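Coordinate-derived values only; no laboratory data. Just so it is clear, the structure is predicted and the values come from calculations on it, not from any experiment. Cβ coordinates were reconstructed from backbone atoms using ideal geometry, including for glycine residues, and neighbour counts include every protein chain displayed.
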């Protein structure tokens, strides 16, 4: 594995430097410090931080809805990009991890089966709603009030479902995952998640998605966190 090879190379390098400094009787100071090993992210934590990406896109949807209700224009490309992140990063990647690696294990263990059933159904419903959002957010659509109303309805449905959806996963499903897998299986899943992310998005896929969302927020003027602080 690439990270393991990098860690071994750093270890060997540090050993050579320490050995050389001991023989020569000199100190290399900070220049001789070994490379730091990349921090590992546990599977539930990985999924939770991806929920942070989802939450930020929901805020983008909320801003577009505000503009539609106020009959204000909004950058169509920004909305199309946001819906594209939902499709590629959330539905085709994040939710597929849950469907392939988490849900079957809960069902096999006969734990939280009813919850898993609802979550799986909501994934399918979310994809249908995203189809509508993606279709109507292209530059050639929204020619009349009916299309704008349909777009607004699709985003409202998505926000209404996914706020409780992700909250239930974060507070019930993910914390329970530790109880139904062995420590070895838990660690292996972390590697599987990282491998899949690298296959689809390259190295630092999560960080790339965060940057993309930040760019959309800047385009809509909702990036600066301080602007949401109440003025009391």
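Laid out as a table, the results:
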quantity	calculated
Distance in nm between pseudo-label sites at residue 199 and residue 122 (7 Å out along the Cβ direction from Cα)	2.7
Over region 41-123, volume per residue of the alpha carbon convex hull, in Å³	100
Potential extension, residue 159-residue 77 segment - 0.36 nm per residue separation minus Cα distance	27.6 nm
Rounded, prolate or oblate (a/c below 1.5 giving rounded, otherwise prolate when a/b exceeds b/c) for region 161-214 by Cα gyration tensor	oblate
With 10 Å bins from 0: P(r) over region 42-228, alpha-carbon pairs, percent	9, 35, 33, 17, 5, 0
Shape call, region 73-171: gyration tensor on alpha carbons, a/c limit 1.5	prolate
Convex hull (Cα only) mean projected area of region 114-209, reported in nm² to one decimal	8.4
Relative packing of 147-154, 80-87, which averages over residues the other C-beta atoms within 10 Å, highest first	80-87, 147-154
Residue 170-residue 148 FRET efficiency (beta carbon distance; Förster radius 35 Å; 0.05 resolution)	0.60
Label-point separation in nm, residue 42 to residue 110, each point 7 Å along Cα→Cβ	2.7
